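Only one structure is covered here, and it is reproduced in the block below.
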């Protein structure tokens, strides 16, 4: 006899309540990161040796700014998921683990926000 | 009840599942470990990327400082390592996408793909840097 409620079975999210959410987000951002990483590397190579004014002019292109923001957002979400797994694998003490999981989210959120703000500032005429 | 039965060799010692030090290293295992290490390295390497973008947004003086720092020998060394970690993690990820479909999972194919991703990451890194130095003239 199953002790699961019919609602729980229909939702199919398992005991952690997340289903395949983590796996799916990791793959989704991973797929997005392939072209975004290549685009970012290309962006860096094309701008080697440029002055700040030239750099700002390039980021003022909506296409470049959009690519950079997508790269940053997809990147930090992917980072958050990956580091979460590393922490869950290697930090057995519950208190330390929870602190590390919180620090991970704070770090990724801060890094992502600073990056997006920097791009927006340059995109809107720095 | 003799305390720690996981590590003790007493009468109640239980079998342990084999771990890293038991297996002969295989390329798939090494690439799996390197995938995680490059992922963690890229996690902190993102600080360089974001710091660089933030310096550009802060103005010419800050940008020049960042460019000089990244352009120094040590800076280039770190960026070279970052480039390799980026490409290695990217190819490792693509390998996982292929495996997600159920393809290339048999032992010999998996080993070949692991070697290919290692070779590919070195090739892409060198290519990016050769193009980079060519662009700079």
request  = Among what's in segment A:108-126 and is in contact (Cβ under 8 Å) with a residue 12 or more places away in the chain and closer than 15 Å to residue B:46 by Cβ, pick the residue that is surrounded by the fewest Cβ atoms within 10 Å (Cβ to Cβ).
outcome  = A:109
ask   = Is it true that residue A:16 is surrounded by 15 or more Cβ atoms within 10 Å (Cβ to Cβ) and more than 9 Å from chain B (Cβ to nearest Cβ)?
value = no
query = Of the residues B:66, B:62, B:40, which is surrounded by fewer than 18 Cβ atoms within 10 Å (Cβ to Cβ) and closer than 19 Å to residue A:123 by Cβ?
reply = B:62
Index of the failed condition, residue B:70 passing every other in (1) at the interface with another protein chain (Cβ under 7 Å from one of its Cβ atoms); (2) touching a residue at least 12 places away in the same chain (Cβ under 8 Å) = (1)
remark   = Given (1) more than 12 Å from chain B (Cβ to nearest Cβ); (2) closer than 20 Å to residue B:60 by Cα, residue A:43 misses just (1)
task = Might you let me know whether segment B:17-28 holds any residue that is over 25 Å from residue B:132 (Cβ atoms) and part of a helix (DSSP H, G or I)?
result = yes
ask   = Of all residues in segment A:46-62, how many are assigned to a helix (DSSP H, G or I), within 9 Å of chain B (Cβ to nearest Cβ) and more than 23 Å from the chain's Cα centre (by Cα)?
value = 5
query = over 17 Å from residue A:123 (Cβ atoms), within 11 Å of chain B (Cβ to nearest Cβ) and surrounded by 11 or more Cβ atoms within 10 Å (Cβ to Cβ) - does that describe any residue in segment A:64-75?
reply = yes
ask   = Among the residues of segment A:82-104, which ones are assigned to a helix (DSSP H, G or I) and away from chain B (no Cβ under 13 Å)?
value = A:94, A:95, A:96, A:97, A:98, A:99, A:101, A:102
key: Among the residues listed as B:132, B:119, the single one being without any contact (Cβ under 8 Å) to a residue 12 or more places away in the chain and crowded, with 16+ Cβ neighbours inside 10 Å   = B:132
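No value in this document is a laboratory result; all are computed from the given coordinates. Computed from a predicted model, the values in this text were never measured in an experiment. Positions of Cβ are backbone-derived with ideal geometry, glycine not excepted, and every protein chain shown enters the neighbour counts.
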